[in-house]
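Some notes on the structure that comes next.
The values are calculated or read from the model by the stated rules, or taken from the named source; none is laboratory data. Everything quoted here is computed from the prediction, not taken from an experiment. Quick reminder, even Gly has a Cβ in these numbers, built from the backbone with ideal geometry, and neighbours come from all protein chains shown.
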Amino acid sequence: MNVTVAVTGASGAVLAKQLLRALEADTRVTGIDFVVSEGSLRVIAEELHLSGRNELLEKLLEHAPKKTRQHAEQDIGASIASGSYPSAGMIVLPCSMGTLGGIANGMAGNLIERAADVCLKERRPLLLCVRETPFNKIHLRNMQLAADAGATIFPVIPSFYNEPATTADMVRSFVDRVLAHFGLPQPGAYVWNPGAQEQNRRAGKH
Ligand SMILES: Cc1cc2nc3c(=O)[nH]c(=O)nc-3n(C[C@H](O)[C@H](O)[C@H](O)COP(=O)(O)O)c2cc1C
């Protein structure tokens, strides 16, 4: 199973890091095709203090990649630019409003937009983890367009009913939900269980 991961210049670089690490560790996944946008490099530098395109993957994974292949954003001839390449689908995390607009309007102007376009035409899963606040009407229209074309709009919105204690908990639970939606449920992922929540509360665990 090959999974395509694109990281664009919206806030939330730590989520991309967690996603890549989870996919690398997942034995069901045989290959990861990874693309970063120019914009994301700036955000990754600001949020994770990691710089440069070279060795970025290794820095994000905190080890040498075993099955992740990085493609240049401008390489419109890369494997994932063709529907003949057996990709199981694509996750854009985080997805900027710029990239959302490009995908929603079929621009295919770089490898990220083209690979997403291929997913839509081949009817493969495409998760757009959009991040912006507040949304303007253009953002909302583009989300509607992308959803109508077959994408899943999976906004970067944390949940609180799982009572996250740290940012790491929030990051983990969001990425777990993304992967579960993609068909890769993660071991130890939180599942809502109202009975257990109540028991924990009575036992003073929360
Ligand atoms: C620190 C930082 C945070 C940003 N956060 C967001 C964001 O949350 N959402 C968004 O749509 N754009 C955000 N931007 C702006 C995008 O990076 C910018 O529009 C960029 O051109 C998007 O290009 P890309 O989609 O090719 O990555 C941010 C920029 C910076 C420097």
Report task. For region 176-196, enumerate the residues that are touching a residue at least 24 places away in the same chain (Cβ under 8 Å) and either β-branched (Val, Ile, Thr) or more than 17 Å from LEU20 (Cα to Cα) (or both). Result -> VAL178, TYR190, TRP192
Query raised in the report: Here are GLY39, GLY12: which of them is modelled with pLDDT of 95 or more, surrounded by 14 or more Cβ atoms within 10 Å (Cβ to Cβ), within 16 Å of the ligand (Cβ to nearest atom) and at positive phi?
Result: GLY12
Report task. Return a yes/no flag: does region 50-71 have any residue that is farther than 19 Å from GLY9 by Cα and within 16 Å of the ligand (Cβ to nearest atom). Result -> no
Query raised in the report: Do we have MET90 as in contact (Cβ under 8 Å) with a residue 60 or more places away in the chain, under 21 Å from GLU24 (Cα atoms), within 15 Å of the chain's Cα centre (by Cα) and within 16 Å of the ligand (Cβ to nearest atom) here?
Result: yes
Report task. Considering only region 72-98, state which residues are within 17 Å of ALA13 (Cβ to Cβ) and out of contact with any Leu (no Cβ under 8 Å at 6 or more places or on another chain). Result -> SER96, MET97, GLY98
**Report entry** helices (runs of 4 or more DSSP H) wholly inside region 93-206 containing at least 3 residues that are at negative phi and surrounded by 13 or more Cβ atoms within 10 Å (Cβ to Cβ)
**Finding:** 97-104, 111-121, 137-148, 167-181
Query raised in the report: What tally of residues in region 146-175 results from selecting those that are of a type in the set (D, E, K, R) and free of Cβ contacts under 8 Å to residues at least 24 places away in the same chain?
Result: 2
